[in-house]
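What follows is one structure encoded as structure tokens, with my remarks underneath.
The values are calculated or read from the model by the stated rules, or taken from the named source; none is laboratory data. Please read all numbers here as calculations on a predicted model, not as lab measurements. Quick reminder, even Gly has a Cβ in these numbers, built from the backbone with ideal geometry, and neighbours come from all protein chains shown.
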Amino acid sequence: MRKISKRILALMLASSMVVSLAACGKKDSNTNGTETPSTNTEVASNSSELAADALVFDPTADAAKYAEESAATYEANLSEFMAAYDAAKATDNIAERFALMAIAEAKLMESAVMLPIYSRGGNYAVSRVVPKTVPNALWGNDNERMHSLLVVSDFITTEDRDALKGLWGEVKGTGTYLEKAKEYLAGKGYTVKDSYSETYTGDPETWDVLATSKSNDSEKIVQTYDGLMEYDVEGTLQPALAESYEVSADGLTYTFHIRQGVKWVDSQGRELGEVTADDFVAGMQHMMDSMGGLEYLIQGVIVNANEYIGGEVTDFAEVGVKATDTYTLEYTLEAPCSYFITMLGYGVFAPMNRAYYESKGGKFGAEYDPSAADYTYAKDADSIAYCGPFLVTNATEKNTIVFEANPTYWNAANQNIKKYTLVYNDGSEATKAYNDAVAGTVDGTGLNASSLELAKADGNFDKYGYVADCDATTFMAFYNLNRNTYANTNDTTTVRSAQTVADAERTNAALNNVHFRRAISFAADRGAYNAQSVGEELKYASLRNSYTPGNFVSLEEETTVDINGTATTFPAGTFYGEIMQAQIDADGVTMKVWDPTLDGGIGSGDGYDGWFNPENAAAEMAVAVEELAAAGVEISAENPIYIDLPYFSGSESVTNKANAYKKSLESVLEGKVIVNLTECTSADEYYYAGYFTSYGYEANYDMYDLSGWGPDYGDPQTYLDTFLPDYAGYMAKCVGIY
């Protein structure tokens, strides 16, 4: 059993939620006016009362029951995935592990508890940024670091951009790309500059990278510190604050030798002290104390991390993170971890100056209290210590954030960008980002439908336009298998379901049938959906067909694994997606997560729609209708299943996507499913319907399409771990459990 006592305790003690949830509850006749919660199973199935008024979940009173329901729902729908996942975790051979992880993900895709939609990227853009000059890593925070960026004074032509990408492919791994790119640019008449400006849409909620799991925070804060090791622009892990490291013969102890002479400074550049091994110990303890959402990364990996987070160990000296002397840092693992070194570029391993933290009211262990009056650490950019390439010199809310070169930075000789500026853009003016890019206020922009027309009209698109690369972030549509909420929990007057209790019970039964979930997944025209935001020309460019990108990892050696009783051998170099597809084909499920003909025969799981298939949707629906009828649930055009989909009516593209989804499902399934578009009149209402939830019981939808996941380290486990049971999987809440 995974130990997550603090998280379960938080659920048990979530009494503040009771007040908002109880507003729609039924009053009992007792004299103190307390609410009597009712749940899906406690109301008669023939009730015509609205679910938003009748089905009220009390997180304090119902916590134990909810945990039981979550476990039962997980077992019924995801047990095959879990069994395959456990088999993958049991092997020590990395190639076999990757192959077995692919088999586990095949089972996850077949369960259809979620539908992959798209990745980040795949849109038209124009830019002055030289391609492949940010750290090349699909995981962690390193690919958000801007100090190595090359930026030129003019937009880069499409032809030159393609040539530079080709050059990167030729020299990748040699450490020469940046210099060769500069030579190429000089030969083509470009002028390299030392500043970079881009738009941003949201201010950081905190400047404490160790206390957040939000990319909106970390992508800014990562400019202010360095890690032990960092990926370079060619994808090679290089020494940063650690000059070198060793691994013990048993794979359990990693010893890092900290670079001497690196300075901590404040936002004014005044020295605070030297970076030492203890700064990484302090940072790790603070990360575990703050429970910012990424602590799961080291649970079960570092000795006693799980126990410290769970409260069973209170003395941090018992955790496997130690400074053995001023410049020697030691991590002790519970078991050999093949991907441990790839995790170091993530914020959970960031250093923190202990003395500075304490000077801002920070405390450790049981005394940690960020709500204390004297706790001012990381409340703004002036209340953190810096050891990275930039200092924040201006942070004006919803206006500008300016980063300028840290004069004491240890690697200043290799810092290409000396000033990095973020310019606020709320998106209310469709062409503002493009006009700012043309004027030089920002150095590049993606092209939406309106700005694409401008770029075509003024000739910039033909000369400079390109398709942005897709990254490893996967956005999904999630199906709620255990819905307990029919109005937003933060404000029960908003985003209220129109379903009756009877409707809600029928929908819940349908969504717990795998053939029904596959039917609605195969009926969703994701190309038409995606076209509403990126245009018809690029509607397939960013489509992704699995959770983990199919090319995320490949086998380092020939590997034989069992697929449905047949020993199946995959040669060295086989991509993860190909193995996933082999298992899906063997199981006879008609979805295509890997196409071996794409990318010049290399193969890909992106750029096409491997799910939309009306014929397959009809076949799966026929099985679902039969199975659900046997359980007493009729599905027909006269008695359809209702699916609530929240959408933000203030966004034209979000509204259009929701309508495209509705049209597709209702047409393909011939009226057996009706999509209720549940209006959210503000972005906050939209986010609170699903994205801002902490537990599955807060999820106010039957289907939701505003959540995604990006990898934390270089192993498929970084994706699959998010669907673990027992409150351990971060994304399990998106399907209404844990």
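Among the conditions (1) within 30 Å of Ala504 (Cβ to Cβ); (2) in a loop (DSSP other than H, G, I, E, B); (3) over 26 Å from the mean Cα position of the chain (by Cα), Gly588 misses just one, which is (1).
All but one of (1) of a type outside the set (Asp, Glu); (2) over 30 Å from Lys662 (Cβ atoms); (3) more than 24 Å from the chain's Cα centre (by Cα) hold for Asn551; state the number of the condition that does not hold. Looking at each condition in turn, Asn551 falls short on (3).
Taking the residues in segment 103-121 that are assigned to a loop (DSSP other than H, G, I, E, B) and in contact with a helix residue (DSSP H, G or I) (Cβ under 6 Å, 6 or more places away or on another chain) as candidates, determine which candidate is surrounded by the fewest Cβ atoms within 10 Å (Cβ to Cβ). Here the residue is Ala112.
In this structure, is Val675 of a type in the set (A, V, I, L, M), over 24 Å from Ala67 (Cα atoms) and touching a strand residue (DSSP E or B) at 6+ places or on another chain (Cβ under 8 Å)? In short, yes.
Residues in segment 404-439 that are within 24 Å of Lys132 (Cα to Cα) and among the β-branched types (Val, Ile, Thr): 4 in all. For residues in segment 520-565 being in a helix (DSSP H, G or I) and polar (S, T, N, Q), which is surrounded by the most Cβ atoms within 10 Å (Cβ to Cβ)? If we take residues in segment 520-565 being in a helix (DSSP H, G or I) and polar (S, T, N, Q), then Ser521 is surrounded by the most Cβ atoms within 10 Å (Cβ to Cβ). Cβ-Cβ distances below 9 Å connect the following pairs, each with a first residue in segment 146-169 that is free of Cβ contacts under 8 Å to residues at least 60 places away in the same chain, a second residue that is acidic (Asp, Glu) and crowded, with 21+ Cβ neighbours inside 10 Å, and a separation of six or more residues or different chains: Val152/Asp443. Residues in segment 623-634 that are surrounded by fewer than 18 Cβ atoms within 10 Å (Cβ to Cβ) and assigned to a loop (DSSP other than H, G, I, E, B): Ala631, Gly632, Glu634. Considering Ala355, Ala335, the condition of being farther than 24 Å from Asp142 by Cβ, assigned to a helix (DSSP H, G or I) and either in contact with a His (Cβ under 8 Å, 6 or more places away or on another chain) or in contact (Cβ under 8 Å) with a residue 12 or more places away in the chain (or both) is satisfied by Ala355 alone.
A quick yes/no check of all residues on (1) surrounded by fewer than 23 Cβ atoms within 10 Å (Cβ to Cβ); (2) small (Gly, Ala, Ser):
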position	(1), (2)
Thr655	yes, no
Tyr661	no, no
Ser664	yes, yes
Ile674	yes, no
Gly690	no, yes
Ala728	yes, yes
Gly736	no, yes
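Taking segment 155-247 as the region of interest, the helices (runs of 4 or more DSSP H) fully inside it that hold 3 or more residues being more than 17 Å from Lys132 (Cα to Cα) and of a type outside the set (D, E, K, R) are 215-221. Only one of the listed residues (Ala637, Ala660) is of a type in the set (A, V, I, L, M, F, W, C), assigned by TED's automatic domain parsing to the domain that holds Gly535, part of a helix (DSSP H, G or I) and touching a residue at least 24 places away in the same chain (Cβ under 8 Å). That residue is Ala660.
Looking across segment 573-600 at every residue that is touching an Asp or Glu at 6+ places or on another chain (Cβ under 7 Å) and in contact (Cβ under 8 Å) with a residue 60 or more places away in the chain, the one that is surrounded by the most Cβ atoms within 10 Å (Cβ to Cβ) is identified as Met580. The residue list Ala282, Ala277, Ala249, Ala240 contains one member that is closer than 19 Å to Thr328 by Cα and surrounded by fewer than 21 Cβ atoms within 10 Å (Cβ to Cβ), which is Ala249. The residue of segment 306-337 that is surrounded by the most Cβ atoms within 10 Å (Cβ to Cβ), among those that are touching a Lys or Arg at 6+ places or on another chain (Cβ under 7 Å) and small (Gly, Ala, Ser), is Gly310. Can you tell me which residues in segment 255-297 are part of a loop (DSSP other than H, G, I, E, B) and of a type in the set (Gly, Ala, Ser)? Passing the criteria: Gly261, Ser267, Gly269, Gly292, Gly293.
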